[in-house]
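Trainee: Quick one: the structure is below, questions incoming.
Computed from the coordinates by the stated procedures, all read-outs in this text should not be read as laboratory data. Since we're looking at a predicted model, the values are computed, not measured. Every residue, glycine among them, receives a Cβ derived from its backbone with ideal geometry; neighbour counts consider all protein chains shown.
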Ligand SMILES: Cc1ncc(COP(=O)(O)O)c(C=O)c1O
């Protein structure tokens, strides 16, 4: 792999408490090209910067694009840890298959990702709760206006030092349950991490933000009744003492944090139910006290307590509106494993 020199270094954020999500990028990026008949070629680490793209290229017209999101954590001893990175690249390949894009050699890109992070190691912030967010992306770059899978692709990895995903850190979020818009339908692309899913969600998010909510919770597209997931998180409920979450049926993202949390929940001796949960059950559960906690799970959002749900003209507060006991314990356990404060019996952590 060729490594090109960086001539101009970027300005950093001096005060890590000012880090926000996704605005600052490091000095280098990994890039690789694909051509039908030739396969992936020319892997390289180059200075971070704009691409030159033909205005006709397919990603700009038909959104043939996929991405991933994972993190690198700096531990108190200075070492760098990453969390289940293979799972991210395997999911990337599943997204690629759904979007008719070429798959990657997972071992090769894992090595490239680690090499890039080693070169950019001094960009990984130090404070607990901060991290280096990693964004692998693939775009279709054939300059052709016909609707068909591209013959050329660009794969790249960019890095961004980040603080908390939500502007108010880990305080409980207010969620609007959308009865107007849907995110994904059976047979659609909901399970793939592809840009179009997010573009399609913007209108609902924008309207929710204007009304003072932090996120939108999506209902299923068929009956408009069952909980699916939140903007960038899967969602779990502590209901009748069990952790209930939506099943993976192709319309939601198979979250890596979701997977990890469900394992931790089972190890804490609680039962997990992956089943359809209706919005009525949520409202009734809060009223009767059967629903004690709700939290979102995601790489960016970690474990994020939900304080309130609003559906049509009803707003319900979960528990006393603060972070619940289980949510707090799961947050501590997951981040403890990631930052090396507690043991990692599952082998989820890979050191860089
Ligand atoms: C739509 C959606 N659901 C769920 C998640 C959580 O997935 P993960 O835990 O793998 O980050 C994300 C975030 O990446 C997402 O964008």
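Trainee: Over the Cα atoms, compute the radius of gyration (one decimal) and Dmax (the largest Cα-Cα distance, rounded to a whole number) for the range 2-162, in Å.
Mentor: Every Cα atom of the range 2-162 included, Rg and Dmax give 16.3, 53 Å.
Trainee: Could you work out how far helix 106-119 tilts from the main Cα principal axis of the chain, as a 0 to 90 degree angle to the nearest 10?
Mentor: On a 0 to 90 degree scale, this one is about 80.
Trainee: Out of all DSSP beta bridges in the range 173-344, what portion is antiparallel? Express it as a percent rounded to 5.
Mentor: On the way: 22 of 33 bridges.
That works out to approximately 65 percent antiparallel.
Trainee: Could I ask something else about it? Between Rg and the Kirkwood Rh of the chain, both from Cα atoms, what is the Rg to Rh ratio? Don't skip to the end; give the middle numbers.
Mentor: Details: Rg = 20.6 Å, Rh = 21.3 Å.
Checking Rg against Rh, the ratio lands at 0.97.
Trainee: Relative to the longest principal axis of the chain, what angle (0 to 90°, nearest 10) does the C-alpha long axis of helix 195-210 take?
Mentor: Its long axis makes an angle of about 50 degrees.
Trainee: If one takes the longest principal axis of the Cα atoms in the chain, at what angle in degrees, from 0 to 90 and to the nearest 10, does the Cα axis of helix 325-338 lie?
Mentor: With rounding to tens, the tilt is 20 degrees.
Trainee: Let me ask you something else. Using the count of nearby Cβ atoms within 10 Å as a rough guide to exposure, how do 314, 259, 91 rank from fewest to most? Before the final figure, lay out each step's value.
Mentor: Numbers: 314 12, 259 16, 91 21.
Result, fewest neighbours first: 314, 259, 91.
Trainee: Taking the Cα atoms of the range 157-248, report the difference between the largest and smallest coordinate on each principal axis, in whole Å and largest first.
Mentor: 38, 35, 30
Trainee: Over all pairs of distinct alpha carbons, what does the Kirkwood formula give as the hydrodynamic radius of the range 194-352, in Å?
Mentor: Details: mean 1/r = 0.0610 Å⁻¹.
About 16.4 Å, per the Kirkwood formula over Cα pairs.
Trainee: Note down the Stokes-Einstein diffusion coefficient of the range 106-220 in µm²/s, whole number, using a Kirkwood radius over alpha carbon pairs, 25 °C, and 0.890 mPa s.
Mentor: Details: Rh = 17.7 Å.
D = 139 µm²/s.
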